[in-house]
Amino acid sequence: MTQTLVHDGVLVIGGGLAGLSAALEAAPRKVLVVTPAPLLEACSSAWAQGGVAAALQPGDGADLHARDTAAAGGGLVEPEVTQALTRKGRETVEWLAGLGAPFDRTEQGEFAVGLEAAHSRPRVARVGGDGAGRAILSALVVAVRGAGHITTWEDGRLRALIQDDAGRVRGALIERQGRLIRLLAPAVVLATGGYGGLFAHTTTPASLLGEGLAAAWLAGADIRDPEFVQFHPTAINIGLDPMPLATEALRGEGARLVDAEGAFLLGPEADADLKSRDQIARAVHAAMESGRGAFLDARRAIGTTFPAHFPAVFAACMRAGIDPRLQPIPVAAAAHYAMGGIVADEEGRTTLEGLFAVGECASTGVHGANRLASNSLLEAAAFGRLAGRAAAGAVDIADRPAVGPTTAQDLPAEALGTLRQTMSRDVGVTRDGVGLSRALDQISVLERTVPGALPLITARLTVQAALDRRESRGGHFRSDYPHALPVAHHTVLRRAIDHEPSSAKPRETTP
């Protein structure tokens with residue numbers, strides 16, 4: 001029998017940087033944070049190496065940061081919301097530092113910043129060279145555990161959203177210790193992360209399967225641009241799942257991408273390896289496909305300082321028997337970040353009353369077709385805080401009964417493995433109509449066996465949108481349509497009011 005509990009406050013689903021920022025800022029309203037694993041585990045925030053992008057130095061500014069963001073985003077970055085983000089850069093870094101995030105500092109006590117690809121200025125605030133994500137999130141976890149208004153369930157998994165007969169989100173169906181709980185709340189904040197785990201080659205936790213996005217889609221929320229997946233060009237290629245990451249900051253310090261013969265992948269120019277991530281990922285992918293191999297050579301640029309300056313990358317390499325001080329690091333492009341997601345504004349409001357979305361599961365418009373490096377942690381914290389405050393003001397409507405949702409089946413391990421291999425093969429760095437159609441056929445086969453599985457819903461939305469987008473833009477590259485259309489347009493997916501089957505083809509609109 002399903003238990004029903006009422007939480008008179010904000011329900012946050014997800015324990016990464018976005019979710020915990022929202023939880024802290026919702027005070028004094030009571031907050032319940034639900035995560036499927038203990039805090040600091042199984043979330044991309046803790047794995048982020050680069051840092052927080054913000055205009056922190058003289059000669060830089062929020063407007064320039066916004067222009068760089070727009071230039072990387074392939075014509076799909078929303079200007080107003082991006083300005084709202086970049087203007088909160090310093091404030092957000094200082095807020096995180098105030099919570100205890102140990103950002104690297106200069107001798108003068110200012111934030112030390114590094115250069116990453118497609119930034120016109122050094123503006124990435126780091127921790128220990130490549131340990132920003134875990135260090136920042138650790139500070140938030142300490143704050144959350146000490147906050148009297150926050151309760152955490154670190155063993156709860158989202159199974160569905162609960163709505164009333166008018167469509168307002170009234171809570172969520174949570175599985176906990178093998179039992180289902182109908183958890184009713186005035187506001188639900190989805191901070192469930194991306195869907196990199198749908199790919200066999202990924203740098204994200206393999207458990208991130210887009211289930212929050214799928215649940216929002218089933219509830220009727222708008223989804224935008226799911227085809228835009230960023231592939232990180234320097235995942236360490238040592239046969240691990242997920243693949244360890246070689247931070248972009250290494251190239252910012254002068255490390256170079258080469259093939260097995262030592263030839264430059266993108267040319268000899270000093271800034272050749274600092275182009276946008278989509279360009280570099282395609283060059284790495286092409287080198288791998290041609291048999292030339294792809295390597296990150298940091299011997300001259302980093303050399304003996306590797307253990308001190310980039311300890312996480314150094315440790316990952318050494319565990320695999322690779323000494324990056326003496327030999328190039330084998331790399332490959334791997335799924336890293338979803339630019340698309342649940343349509344939301346800077347305060348997390350979605351197209352469904354009572355539902356907020358923050359972090360990677362949200363599409364706020366700041367990443368467009370290709371995320372600018374290290375903007376994700378900034379967005380998670382800055383917009384997570386705004387969403388927490390907005391959600392705290394939500395008032396429940398007690399006279400509308402909540403409709404009991406059904407829970408989808410889990411995808412068996414073998415079926416998930418097939419899906420992941422299919423996504424990496426046919427929906428990866430380089431796509432075409434034949435491969436995308438083949439991927440849809442494979443998803444249909446899996447749907448007949450496991451109908452309604454949430455990962456299959458997200459996979460279908462992603463693949464169908466990629467098939468419908470007959471151009472190449474940002475992270476979405478079609479070899480059969482290699483050029484961008486003259487006018488950039490978003491993909492916006494909406495379910496029909498009559499609740500069509502989740503496997504139905506989504507439609508594309510051009511606002």
Return only the number of the condition from (1) at pLDDT 95 or above; (2) in a helix (DSSP H, G or I) that Gly100 does not satisfy. (2)
Selection over the range 437-476 where residues are among the hydroxyl-bearing types (Ser, Thr, Tyr) and either in contact with a Leu (Cβ under 6 Å, 6 or more places away or on another chain) or under 15 Å from Leu198 (Cα atoms) (or both) yields a count of 2
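Tally up the residues in the range 473-505 that are β-branched (Val, Ile, Thr) and modelled with pLDDT under 95, please.
At the first step, the residues of the range 473-505 found to be β-branched (Val, Ile, Thr) are 487, 491-492, 497.
In the following step, the residues that additionally are modelled with pLDDT under 95 were identified as 497.
Residues flagged as β-branched (Val, Ile, Thr) and modelled with pLDDT under 95 within the range 473-505 amount to 1.
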Across the range 1-49, what is the total count of residues that are assigned to a loop (DSSP other than H, G, I, E, B) and either of a type in the set (D, E, K, R) or surrounded by 24 or more Cβ atoms within 10 Å (Cβ to Cβ) (or both)? 12
Looking at this structure, is Ala53 of a type in the set (Gly, Ala, Ser), over 30 Å from Ile174 (Cβ atoms) and under 16 Å from the mean Cα position of the chain (by Cα)? yes
Any hit, the range 390-413, residues being in contact (Cβ under 8 Å) with a residue 12 or more places away in the chain, assigned to a helix (DSSP H, G or I) and charged (D, E, K, R): no
Do any residues in the range 437-463 that are over 17 Å from Ser424 (Cβ atoms) have Cβ atoms under 6 Å from those of residues that are assigned to a helix (DSSP H, G or I) and of a type in the set (D, E, K, R), where the two are at least six apart or on different chains, and which pairs are they? Leu454/Glu211
Need the failing condition index for Leu372 against (1) at pLDDT below 95; (2) surrounded by 24 or more Cβ atoms within 10 Å (Cβ to Cβ); (3) over 30 Å from Ala249 (Cα atoms); (4) not aromatic (Phe, Trp, Tyr), just the number. (3)
Return the residues of the range 56-88 that are small (Gly, Ala, Ser), assigned to a loop (DSSP other than H, G, I, E, B) and over 19 Å from the mean Cα position of the chain (by Cα); say none if nothing qualifies. Gly59, Gly61, Gly75
Given the options Ala200, Ala206, Ala260, Ala272, name the one that is surrounded by fewer than 23 Cβ atoms within 10 Å (Cβ to Cβ), without any contact (Cβ under 8 Å) to a residue 24 or more places away in the chain and aliphatic (A, V, I, L, M). Ala272
Having 3 or more residues that are within 27 Å of the chain's Cα centre (by Cα) and of a type in the set (Gly, Ala, Ser) is the bar; report the helices (runs of 4 or more DSSP H) wholly within the range 257-347 that clear it. 277-289, 311-319
Which condition breaks for Phe383 when tested against (1) buried (at least 24 other Cβ atoms within 10 Å of the Cβ); (2) farther than 30 Å from Asp8 by Cβ? (2)
Set Ala312, Ala286: member being of a type in the set (A, V, I, L, M) and either more than 26 Å from Ala206 (Cα to Cα) or surrounded by fewer than 17 Cβ atoms within 10 Å (Cβ to Cβ) (or both): Ala286
Among the candidates Arg157, Arg123, which residue alone is touching a His at 6+ places or on another chain (Cβ under 7 Å), of a type in the set (D, E, K, R), at pLDDT 95 or above and at negative phi? Arg123
Counted residues, the range 414-434 - those being assigned to a loop (DSSP other than H, G, I, E, B) and free of Cβ contacts under 8 Å to residues at least 60 places away in the same chain: 1
If I go through the range 157-191 residue by residue, how many of them are outside any strand (DSSP E or B), over 10 Å from Ala402 (Cα atoms) and over 25 Å from the mean Cα position of the chain (by Cα)? 4
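The values are calculated or read from the model by the stated rules, or taken from the named source; none is laboratory data. Everything numeric in this text was worked out from a predicted model, so none of it was measured. For neighbour counting, all protein chains shown are included, and Cβ atoms are generated from backbone atoms with ideal geometry for every residue, glycine included.
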